[in-house]
Structure formats: C-alpha cells, structure tokens
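K.L.:
Before I ask anything, let me first share the structure, which is written out below as structure tokens.
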Amino acid sequence: MSTLDARHRAYQSKLAEFGQAHLLSFWPQLDDQQRSQLLDDLDQVDFVRCAPLINSYVRQRPAVHVPQHIEPPECYPAAGEVGKMVGSAHPTEYAQARRAGEDAIHAGRVAAFMVAGGQGTRLGYDGPKGAFRITPVRDAPLFQVFAEGLLGTARRYGRRPHWYIMTSLTNHAETTAFFEQNRYFGLSPDDVTFFRQGQMPAFLPDGRIALAERHRVALSPDGHGGSLRALADNGALADMRRRGIDTISYFQVDNPLVRVIDPLFIGLHLVTGSEMSSKAVRKAYDEERVGVFCQVDGQLEVIEYSDMPDELMRARNPDATRRFDAGSIAIHILSRAFVERLTTFNSAVQLPWHRADKQVTTVDEAGNQVKPASPNAVKLEMLVFDAIPLARNPLVLYTRREEEFSPVKNAAGVDSPATAQRDLIRRAARWLDTSGVTVPRAADGEPALPIEISPAFALDAADLQQQLKTPPVLTTGKPALFA
Ligand code: UTP
C-alpha cells in the first residue's frame with residue numbers, strides 16, 4: 001500500500017469517528033497531488049480540540065457572560081501628562097521606570113514580538129501586510145519601519161533586541177522571502193526568528209468542517225491570541241530562555257507609528273511586577289471601534305466595542321469627560337514567565353474562543369466552488385487581550401494617539417494607508433518643531449512637504465533633537481528625509 005493510501009485509510013476511520021467523513025467525499029476524483037494536499041490540510045486540524053468547540057460555539061451560540069460591575073480602570077498617564085491627572089504617578093517614578101527599562105534593554109532581556117499572521121482582508125493587499133509600502137518619502141514597507149525601530153534601539157541603548165515574527169501558514173514563505181530579498185533591512189538574519197501560528201478550520205452551522213475546494217480544507221489562522229501558544233509550540237519561549245530574554249514587547253504588523261521597544265513602558269512593567277501591560281489611547285469618539293479597558297468585577301479586561309453596553313459607551317464623568325475612555329491599541333509587554341505559565345502542559349490555560357460568522361468560499365455537493373453572498377460559516381479566534389485577566393498586576397499606560405497609533409486596516413477612509421501616512425508626516429513635523437526647525441505649512445496647518453524620519457535615525461522628539469547636528473532648511477513641496 002502506498003503512503004498516500006495508508007494515510008487515507010487512517011483518516012477514513014478518524015474522520016468517521018469525529019463525524020467529519022464528508023471531508024473525503026471527493027477523494028475518488030482527486031489526482032495524487034491533490035490527495036496529498038488534502039491530507040496535509042487534514043494534518044493541520046486538531047480534531048480532538050475541535051470536537052467540544054463545535055458543540056459549544058458552532059451548533060449553538062456561546063452563552064454571553066454579563067458582568068455585574070464594570071468600572072473604568074486606573075491607568076498610568078501618558079508621559080507628558082504625569083502629575084496633571086488626579087492620583088497620577090509622580091514624574092520621578094517615570095524617570096526611574098525609564099531607567100529600569102533602558103537597563104533591561106541594554107542587558108539583552110527584552111525581545112520584540114510582532115504578530116503578522118492575519119489575513120489583511122480589509123486592506124485587500126496581495127501579499128503579507130508587512131510588505132505593504134507606507135512611508136511618505138522612501139515608500140518603505142511596514143516591515144522596514146519596525147526593523148529600523150530595532151536599529152534605532154541599538155543605536156540608542158547599545159543592544160539590538162531579538163525580533164520574533166509570527167506568520168501564518170499562508171504568508172510564511174512570502175514573509176521570509178521578503179526579508180531575504182531586502183537583506184533583513186539592515187538587521188542580521190541571526191536577529192530574527194520567524195514561526196507560524198496555528199490554524200483553525202471554518203465550520204458550517206451544522207458542525208461540519210468546511211471544504212474550500214474539493215481537496216482543500218477551509219483553514220485560517222487562529223487569531224492573535226494564538227500567538228501565546230505559538231510562542232511555546234515553536235520553541236520561541238525556549239529560545240528566549242537560552243538568550244536570557246524575560247520580557248516580550250508585543251505589537252502588530254499594521255501600526256507604523258508603534259514604538260517597538262519603549263523603555264518607559266518596559267520599565268513600568270518591570271518595576272510594578274506586572275505580568276502583562278498594555279498601552280491605551282483616549283477614545284476619539286464614543287462609537288470608535290476599539291476595545292476598551294474596563295475593571296470587570298474587579299479584574300482588568302478589554303471589552304470589545306461590539307460587546308460594550310451602549311449606556312457605558314456614552315457614560316460621562318461629572319466633569320463631562322468620557323468615563324470609559326481607555327481604548328486598546330494592541331501594544332503589550334508580556335513577561336516570558338507568564339506566557340510559559342499559560343502555555344505549559346500542566347497548567348496550560350485555554351484563552352476563550354470568539355465566534356465570528358463569516359463568508360467562506362465552500363464547495364457544493366457536486367464539488368463546485370460557491371462564493372456566498374452572506375455569512376455561511378463560523379470561524380473561531382482567540383484574542384491576545386483575553387490573557388490580561390490571567391496576569392498578575394496588569395497595568396495600562398496611556399500614550400498619545402498622534403505619537404503612537406495609526407493602523408493600516410482598510411484600503412481607504414479611516415485607518416487606511418492615507419491616514420497612516422498623514423500621521424507619520426504630522427508626527428515628523430511635530431518632532432522637527434520641537435527641535436526648532438521651521439516646517440513650512442499650508443493654509444490648513446498641514447505640513448507643506450512630505451517628511452519622513454526613519455526610526456533608525458530618531459526614535460522620538462528628544463532623540464531627533466540630539467541627532468540633528470545642524471538644523472535643516474525645509475522647502476515647501478520638497479520631500480525631506482531623515483535616515
Ligand atoms: P486584525 O484583527 O486587524 O486582522 O489583526 P487581519 O487579519 O490582519 O485583518 P482583516 O481583519 O482580515 O482585515 C490585527 C493584528 O493581529 C495579527 C495581524 O497580522 C495584525 O498584526 N493577527 C490577526 C495574527 O497574527 N493572526 C491572526 O490570526 C489574526
């Protein structure tokens with residue numbers, strides 16, 4: 001019997017046991033290559049893990065837990081606002097924390113961790129999102145911006161942090177090839193570790209796993225919450241231990257303004273003994289589609305915008321400011337020991353699954369592909385912020401949106417390449433203002449030229465001031481690059 005036949009046999013009985021025999025229904029019509037592909041896809045599915053999920057999340061909707069007491073959490077104010085907020089931290093605490101962060105970076109205890117396994121459906125770009133070109137002058141891709149953040153960190157703090165990058169099965173080869181073609185954007189291949197995240201199949205409402213083609217299972221990444229398990233399963237946590245890394249700086253591939261390694265944030269995390277820390281921005285308006293940090297029955301959590309009760313979303317403090325105002329921007333520090341605790345076999349914790357009803361291309365009984373016009377299948381994802389309530393001493397640090405958050409989510413409109421590029425230029429102009437450089441501006445106040453500051457050149461306004469030996473002269477319409 002050929003290996004293919006043997007694998008087929010094994011799956012025949014296994015799939016029958018799990019009520020998924022339909023996955024092999026087109027077997028007789030497939031050629032050997034397709035058969036092998038189908039079996040490889042089936043190898044990606046953890047049928048034991050899926051079985052209980054089908055009952056509790058697919059055939060029925062999971063029960064919604066209604067929290068009793070929801071309060072706004074206490075957050076650390078943004079660095080520039082220290083001392084201005086009621087009960088806020090003292091500036092010297094921040095100075096001490098920043099020094100602790102710098103020491104940890106210098107000692108090689110901190111790694112960058114970027115999650116880049118998403119499908120980027122809304123952007124609709126044909127390739128890994130990190131390859132999308134975003135900067136206003138060089139047209140550099142997102143990956144390059146983050147790589148230069150690490151080069152800038154090395155310049156400033158004397159140590160280049162290791163970079164872990166989570167990809168998905170779909171974009172892994174393209175991602176690694178892109179780094180190779182671009183010679184790792186000035187980093188060394190030894191500075192970067194790539195690994196793939198887990199997959200979950202899409203389910204039809206009756207609990208059957210969907211086929212995307214006659215020989216393909218409809219698989220998709222298991223959410224950014226899958227990153228914690230993926231760190232463990234791919235040996236990244238063990239690698240960190242070997243390198244002496246105990247602190248993980250987590251960010252997403254879609255935010256070109258992110259400070260990839262932030263000494264203040266890292267330092268606050270370390271000096272307070274937090275296991276998972278998060279950055280927040282003040283919400284722009286009540287209905288903004290960001291998760292909100294809340295104290296839920298005494299525990300810090302992020303409530304997704306879709307789950308936030310309407311009256312809380314609009315609630316006001318006595319001084320008319322928004323009561324639930326801390327929007328999550330998916331920037332976290334995690335302690336390695338915390339991720340180990342969540343993922344090691346004996347004490348492993350399963351993050352909750354989130355059900356999403358999606359349009360998934362499937363096949364009909366004749367094996368023809370069907371593109372649905374409305375949601376026809378259920379996808380299950382884990383979200384990284386669900387780890388926060390499991391952490392000891394979790395903290396939230398406010399940052400300024402205009403300094404650190406402008407994600408590329410949509411092809412146009414809000415959170416698009418256009419808004420991210422605009423915000424990169426505005427930030428660069430502000431930093432130059434602080435350094436005493438005259439930035440030509442149009443009548444509407446916008447900078448009248450494209451400006452780009454590579455994070456390798458300057459990481460923030462103070463860094464830029466030190467880096468500029470002679471103040472440059474900027475001319476309307478003439479692109480200015482600081483790299
Ligand atoms: P989004 O929630 O924006 O999803 O991911 P997405 O898949 O990138 O985009 P859409 O919704 O299809 O348009 C936020 C971050 O989490 C990562 C993404 O790569 C991005 O950095 N992510 C998301 C993963 O790494 N894995 C996932 O399974 C999902």
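The values are calculated or read from the model by the stated rules, or taken from the named source; none is laboratory data. Remember, predicted model here, so these are calculated numbers, not experimental data. Positions of Cβ are backbone-derived with ideal geometry, glycine not excepted, and every protein chain shown enters the neighbour counts. Ligands, DNA and RNA are excluded from the accessible area calculation, which covers all protein heavy atoms including side chains. Shrake-Rupley method; radii C 1.70, N 1.55, O 1.52, S 1.80 Å.
K.L.:
Looking at the range 180-199, which of its residues are open to solvent by 30 Å² or more (accessible area, probe 1.4 Å), assigned to a strand (DSSP E or B) and farther than 25 Å from PRO52 by Cα?
P.N.:
THR193, PHE194
K.L.:
Among the residues of the range 200-235, what is the count of those that are closer than 20 Å to PHE113 by Cβ, open to solvent by less than 20 Å² (accessible area, probe 1.4 Å) and out of contact with any helix residue (DSSP H, G or I) (no Cβ under 7 Å at 6 or more places or on another chain)? Walk me through how you get there before you give the answer.
P.N.:
Quick first cut of the range 200-235, residues closer than 20 Å to PHE113 by Cβ only: 221-235.
With open to solvent by less than 20 Å² (accessible area, probe 1.4 Å) added as a condition, the list becomes 221-223, 225-228, 230-231.
Narrowing further to those that are out of contact with any helix residue (DSSP H, G or I) (no Cβ under 7 Å at 6 or more places or on another chain): 221-223, 226, 230.
Of the residues in that region, 5 qualify.
K.L.:
Do we have PRO201 as in contact with a Cys (Cβ under 9 Å, 6 or more places away or on another chain) and closer than 30 Å to PRO375 by Cα here?
P.N.:
Working: in contact with a Cys (Cβ under 9 Å, 6 or more places away or on another chain): yes; closer than 30 Å to PRO375 by Cα: yes.
So PRO201 passes the test.
K.L.:
For SER56, are the conditions met, namely being over 29 Å from LEU351 (Cα atoms) and either open to solvent by 30 Å² or more (accessible area, probe 1.4 Å) or of a type in the set (A, V, I, L, M) (or both)?
P.N.:
Details: over 29 Å from LEU351 (Cα atoms): no; either open to solvent by 30 Å² or more (accessible area, probe 1.4 Å) or of a type in the set (A, V, I, L, M) (or both): yes.
No; evaluated as a whole, the condition is false for this residue.
K.L.:
Does any residue in the range 268-283 that is closer than 15 Å to LEU300 by Cα come within less than 9 Å, Cβ to Cβ, of a residue that is among the acidic types (Asp, Glu) and in a helix (DSSP H, G or I) six or more places away or on a different chain, and which pairs are these?
P.N.:
What qualifies is LYS279/GLU404.
K.L.:
Taking the conditions exactly as written (touching a residue at least 12 places away in the same chain (Cβ under 8 Å), crowded, with 18+ Cβ neighbours inside 10 Å, away from the ligand (no atom under 16 Å from the Cβ) and within 17 Å of the chain's Cα centre (by Cα)), does ILE261 satisfy them or not?
P.N.:
On the way: touching a residue at least 12 places away in the same chain (Cβ under 8 Å): yes; crowded, with 18+ Cβ neighbours inside 10 Å: yes; away from the ligand (no atom under 16 Å from the Cβ): yes; within 17 Å of the chain's Cα centre (by Cα): yes.
Yes: the conditions hold for ILE261.
K.L.:
Just to be sure, is GLU340 under 23 Å from ILE54 (Cα atoms) and either open to solvent by 60 Å² or more (accessible area, probe 1.4 Å) or of a type in the set (D, E, K, R) (or both)?
P.N.:
On the way: under 23 Å from ILE54 (Cα atoms): no; either open to solvent by 60 Å² or more (accessible area, probe 1.4 Å) or of a type in the set (D, E, K, R) (or both): yes.
Against the criterion (under 23 Å from ILE54 (Cα atoms) and either open to solvent by 60 Å² or more (accessible area, probe 1.4 Å) or of a type in the set (D, E, K, R) (or both)), GLU340 does not qualify.
K.L.:
Just give me the residues in the range 433-449 being touching a helix residue (DSSP H, G or I) at 6+ places or on another chain (Cβ under 7 Å) and open to solvent by less than 40 Å² (accessible area, probe 1.4 Å), in sequence order.
P.N.:
Within the range 433-449, the subset touching a helix residue (DSSP H, G or I) at 6+ places or on another chain (Cβ under 7 Å) is 434-435, 439, 447.
Of everything in the range 433-449, those that are touching a helix residue (DSSP H, G or I) at 6+ places or on another chain (Cβ under 7 Å) and open to solvent by less than 40 Å² (accessible area, probe 1.4 Å) turn out to be SER435, VAL439, PRO447.
K.L.:
Out of (1) closer than 20 Å to LEU257 by Cβ; (2) in a loop (DSSP other than H, G, I, E, B), the odd one out for GLN465 is which?
P.N.:
(2)
K.L.:
Is one or more of the residues making up the range 345-367 surrounded by fewer than 19 Cβ atoms within 10 Å (Cβ to Cβ) and among the aromatic types (Phe, Trp, Tyr)?
P.N.:
Yes - at least one qualifying residue is present in the range 345-367.
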